Amino acid sequence: MSSDLGRLFIYGTLIPGEERWPYLSEFVDTVEAGATRGLLYATPFGYPAALFDSTATLDRWIQGQVMTLNPEAVEECLSVLDEIESAVTGLFHRVVVRTASGVAAWSYQYGLGIDELEPIESGSWLMHQETHAE
């Protein structure tokens, strides 16, 4: 899979301030709000699961952020993220998504079944976290 895309769409624990942000922060040049079509789910493990709409026909949006990666560190960044997102074992799959503004970016789609997962109706992991804080 070619890694010449220099952007990453994130929607969960990789967002600045969330628990996995430190894995990503050193590779990021810029951060801006973004969204892409799809469905977002809460897992019982404390992270969200996304299923992206590659047909661009679903009128549901996942809210997140678009990161522009340091061009000299894209390969290293994706390698680190593939490992922490368990892409090798199939928990998540790295895919290309298109944001609402038309930007192509890498993201991680959930690779297992969603039947038992809780839909996040707002499409926002951060909003879900705020409303489900203990």
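Every read-out reported here was derived from the displayed coordinates using simple, explicitly stated rules and does not represent laboratory data. Predicted model only: the values in this text are computed from it and were never measured. So basically every Cβ, Gly included, is an ideal-geometry build from the backbone, and we count neighbours across all protein chains shown.
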task: Take the residues in the range 39-82 that are under 15 Å from the mean Cα position of the chain (by Cα) and of a type in the set (Asp, Glu), then tell me which one is farthest from Tyr108 (Cα to Cα).
output: Asp53
message: Being more than 15 Å from Pro48 (Cα to Cα) and either in contact (Cβ under 8 Å) with a residue 40 or more places away in the chain or in a helix (DSSP H, G or I) (or both): is that true of Met67 here?
response: yes
- line: Given the conditions (1) surrounded by 15 or more Cβ atoms within 10 Å (Cβ to Cβ); (2) part of a loop (DSSP other than H, G, I, E, B), every one holds for Leu40 apart from (2)
task: Sort out which residues of the range 50-85 are closer than 24 Å to Glu18 by Cα and among the charged types (D, E, K, R), and write them in order of number.
output: Arg60, Glu75, Glu76, Asp82, Glu83, Glu85
message: If I ask for residues that are outside any loop (DSSP other than H, G, I, E, B), closer than 16 Å to Asn70 by Cβ and either over 14 Å from the mean Cα position of the chain (by Cα) or in contact (Cβ under 8 Å) with a residue 24 or more places away in the chain (or both), which ones from the range 3-21 would you list?
response: Arg7, Leu8, Ile10
